[in-house]
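Below is one structure, written out as structure tokens, with a few remarks after it.
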């Protein structure tokens, strides 16, 4: 009698899920960062041009980051630091607000990426 053959597909499955998660995270970051860029104050465009995003694998997690490399970004983002902006759409906490406004679309993108 022949013995049944057992194949371990778990590593391949896990790798596929992480690839899908990374794609979904990238799409989510693009959506949130785009919304945040509309709210970002502009004087010389240095702040807006310093925006970055990254997707990293940390163990079993896929972690996405959006930020600004301009050294004054935190001060401009801080709601306790009173300022007036030239751009009508500019807001304090522009990064946080941008992601909050994009949240429904972000959820849909991540759901879609995982389902495929």
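We did not get these values from a lab; they are worked out from the coordinates using the rules stated. Quantities reported herein were computed from a predicted structural model and do not represent experimental measurements. All Cβ positions, glycine included, derive from the backbone under ideal geometry; neighbour counts span all protein chains shown.
Observations on the model:
- Highest to lowest packing among 18-26, 44-52, scored as the average C-beta count within 10 Å: 18-26, 44-52
- Label-point gap, in nm, between residue 83 and residue 2 - each point 7 angstrom along Cα→Cβ: 7.1
- Packing rank of 62-69, 3-10, where each peptide gets the mean count of other beta carbons within 10 Å, highest leading: 62-69, 3-10
- For the chain, the longest principal axis of the Cα atoms and the long axis of helix 10-39 meet at an angle of about 10 degrees.
- On the basis of the beta-carbon distance and an R0 of 22 Å, residue 42 and residue 100 show a calculated FRET efficiency of 0.60.
- Helix content alone sets the calculated 222 nm mean residue ellipticity of the chain: runs of n ≥ 4 DSSP H residues at -39500 (n - 2.57) each, divided across all residues, give -17500 deg cm²/dmol.
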